[in-house]
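Presented below is the structure to which this report refers.
The values are calculated or read from the model by the stated rules, or taken from the named source; none is laboratory data. Only a predicted model underlies this, so the values are computations on that prediction, with no experimental measurement involved. Here the Cβ positions follow ideal geometry from the backbone for every residue, glycine too, while neighbour counts run over all protein chains shown. We work out accessible area using only protein heavy atoms, side chains counted, and drop any ligands, DNA or RNA first. Shrake-Rupley method; radii C 1.70, N 1.55, O 1.52, S 1.80 Å.
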Amino acid sequence: MSLSKPDVQNIGSLFVYSDEMSRFDFGPDHPFKAERAHKTYELCMRYGLMDHPWMKILKPEPIETALLTLFHEPEYIYSLEEASKGNISIETLKRGLGTEDNPILPGIYEWSLLAAGGTYEALGHLMNGDVLVAFNPLGGFHHGMPGHAEGFCYVNDISIALMGAIERLPEQRIVYLDIDAHHGNGVQEAFYKDSRVLVISVHETGKTLYPWSGYKTEIGEGEGIGFTVNFPLEPGSDDEVFNFALDEAVFPLIKAFSPHMIVALVGADTLISDPLTHLKLTNNSYQRALREMTTLCPRILALGGGGYDLYRTARCWTLAWSVLNNLEPTDEFAGLVGGMMFGPEQEVGSLYDYPYLTQGETKDKAMAEAKRTAAYIRKEVFPFHGL
Ligand SMILES: [Zn+2]
């Protein structure tokens, strides 16, 4: 006899969204566009993916400031709050504020509180069983550090929410799976010596991309050894390499860990068109990864993270939302106009990318390195999980 899987369409789903938040402007020269959330919302509406009876929209409220210190140093939070009001001191730059990546924007403190509030509350609803899946496209600030801002991240909503979750339910097994193109260094920092969360990051290698970390040899310390997993990918890695990494190393670990919940960072900056990274994925492997995640553990909080090609990010996240809700996007709703609005070239009327595979030496090198990495993880990390 088999138990039936929990069903999102019976239990419910949550889309974290507010118009005001998606209007926040990082400035014309900054790659981070909060507008991506609005574009995603709009595209989901066009595809008929937002108006089902089991779906709810959660308008984020600011996180309680006392919760920020679950991860951040109080002195950093003070500096951020002051900088956001325009009060600059010698501390400000020391805290990573006022750089090209993390400019001092009026109201950035309040905006960050909303982003973190959305993630925190969504995770709470998941833990209470109110919903089976949730998606916060304006969450996922995985580079935020305890004492400083970096990589467009001011407040690390993920580390805070995860810390809160394990404090509340210590017996709960949680996987953090980060498939953003950048290494999830801030979340790794939170749980490096801790076995309570299995932290997995698949990303472009630190040899060629910020934050220059996330090597395969980083597997945790002390109590946490074997509970941090890094799968760096060579520049030019495509869908085949990405699928290989997931199938050979990541999914077997998640299966063995048997989590109650997955917190997934689903950044879309791995896509071939992304202006900041050198990976060459299409949204076909991206949606496959999401689909597989829901099979391994149906209770999922997905967070946006990166994605700097506005339209393709919106398409990717629309696919993510449809997979999480066990729906297939239907092009007939979107029509020609919808397709043209959300992709300038080939993808008129369809959310899916044309297949693409890297060729030649670049591909051979990427696959050979992925094989070495998978072998390393299978040898060094699998034994901690009975594999
Ligand atoms: Zn990223």
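Over all alpha-carbon pairs in the chain, figure out the percentage whose distance exceeds 31 Å.
For the chain, the share of Cα pairs beyond 31 Å comes to 32 percent.
Starting from the Kirkwood radius over alpha-carbon pairs of the range 1-127, derive D by Stokes-Einstein at 4 °C in a medium of 1.567 mPa s and give it in µm² s⁻¹.
76 µm²/s
Leaving out ligands and nucleic acids, and using a 1.4 Å probe, what accessible area per residue does the chain come to in Å²?
39 Å²
Please state the relative contact order of the range 145-243 as a whole percent: Cα pairs under 8 Å, 6+ residues apart?
It comes to 23 percent, rounded to a whole number.
HN-Hα J couplings of the range 60-67 from phi, Karplus 6.51/-1.76/1.60, θ = phi - 60°, integer Hz, Gly and Pro as x?
These are the phi-based 3J(HN,Hα) values: x, 9, x, 5, 4, 5, 4, 6 Hz.
Can you work out the Karplus-derived ³J(HN,Hα) for every residue in the range 356-367? Use 6.51 cos²θ - 1.76 cosθ + 1.60 with θ = phi - 60°, whole Hz, and x for glycine or proline.
9, 10, 5, 10, x, 4, 4, 5, 4, 5, 5, 6
Restricting to the chain, what percent of DSSP beta bridges are antiparallel, rounded to 5?
On the way: 1 of 33 bridges.
Here the share of antiparallel DSSP bridges comes out near 5 percent.
Can you list the residues, at least 5 places off or on another chain, whose amide H is less than 5 Å from the amide H of residue 58, using H built in the peptide plane?
15, 16, 17
Kirkwood Rh and Cα-based Rg: tell me the resulting Rg over Rh for the range 266-331, rounded to two decimals.
Computed over Cα atoms, the ratio is 0.96.
Figure the gain on full extension for residue 258 and residue 380 (residue separation times 0.36 nm, minus the Cα-Cα span) and round it to one decimal in nm.
Length gained, residue 258 through residue 380: 42.0 nm.
For the range 62-165, go through all pairs of different Cα atoms, get the mean of 1/r, take its inverse, and jot down that Kirkwood value in Å.
13.7 Å
Would you please give the residues with an amide H less than 5 Å from that of residue 231, counting only those at least 5 places away or on a separate chain, with H modeled from the backbone geometry?
Correct list: 201, 202, 203.
Given H placed 1.01 Å from N in the peptide plane, which residues other than close sequence neighbours of residue 237 have an amide H under 5 Å from its amide H?
For residue 237, whose amide H was placed from the backbone, the distant partners under 5 Å are 280.
Using alpha-carbon pairs under 8 Å, 6+ residues apart, how would you state the relative contact order of the range 1-114 in percent?
27 percent
Given contacts defined as C-alpha pairs under 8 Å and at least six residues apart, what's the relative contact order of the chain, whole-number percent?
It rounds to 18 percent for the chain.
To the nearest 0.05, what FRET efficiency results for residue 330 and residue 357 with a Förster distance of 30 Å applied to their C-beta separation?
Using R0 = 30 Å, I get an efficiency of 0.60.
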